[in-house]
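Working notes, beginning with the structure itself.
The values are calculated or read from the model by the stated rules, or taken from the named source; none is laboratory data. Small disclaimer: the values here were computed from a predicted structure and weren't measured. Quick reminder, even Gly has a Cβ in these numbers, built from the backbone with ideal geometry, and neighbours come from all protein chains shown. Ligands, DNA and RNA are stripped out before the accessible areas are found, and what is left, the full protein with its side chains, is counted by its heavy atoms. Shrake-Rupley method; radii C 1.70, N 1.55, O 1.52, S 1.80 Å.
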Amino acid sequence: MIPFEHSMLLSALLFGIGAIGLFVRRNILVLLMCVELMLNAVNLAFVAASDHLDSAEGLIYVFFVITVAAAEAAVGLAIVVNLYRYRKTVYAEDINLLKG
């Protein structure tokens, strides 16, 4: 059994790596992967807290987060594929379609 503190430390580390990647990288696919990493870090924290508190509420939140992550991945990848078809790039700074 992994101690609670180690699980939370790993979760914080994964979330930090995802957050840094989100701010540093410009490739949209990498940005999506960083968001997925951050969501999985939150899932790890929910599971660790659920196990530590001996409660099932954290596991229920994990299912919601997994659902949101799956929807985000599907919609995000569809947008990226369509942007690549029209713009031939996946870099965020080259895509300015929503600017006024």
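Take the residues of the stretch 41-100 that are out of contact with any helix residue (DSSP H, G or I) (no Cβ under 8 Å at 6 or more places or on another chain) and aromatic (Phe, Trp, Tyr): which is farthest from Glu5 (Cα to Cα)? Once the filter is applied, the top-ranked residue is Tyr86. Exactly one residue among Tyr91, Tyr86 is farther than 30 Å from Leu9 by Cβ, more than 21 Å from the chain's Cα centre (by Cα) and open to solvent by 40 Å² or more (accessible area, probe 1.4 Å), and that residue is Tyr86.
Condition check for Met1 on (1) assigned to a loop (DSSP other than H, G, I, E, B); (2) surrounded by 15 or more Cβ atoms within 10 Å (Cβ to Cβ): one failure, at (2). The numbered conditions (1) open to solvent by less than 80 Å² (accessible area, probe 1.4 Å); (2) free of Cβ contacts under 8 Å to residues at least 12 places away in the same chain are all true for Gly18 except (2).
What tally of residues in the stretch 26-44 results from selecting those that are open to solvent by 30 Å² or more (accessible area, probe 1.4 Å), assigned to a helix (DSSP H, G or I) and of a type outside the set (A, V, I, L, M)? Total satisfying the criteria: 2. Could you list all residues from the stretch 4-15 that are open to solvent by 60 Å² or more (accessible area, probe 1.4 Å) and in contact (Cβ under 8 Å) with a residue 40 or more places away in the chain? Result: Phe4, Met8.
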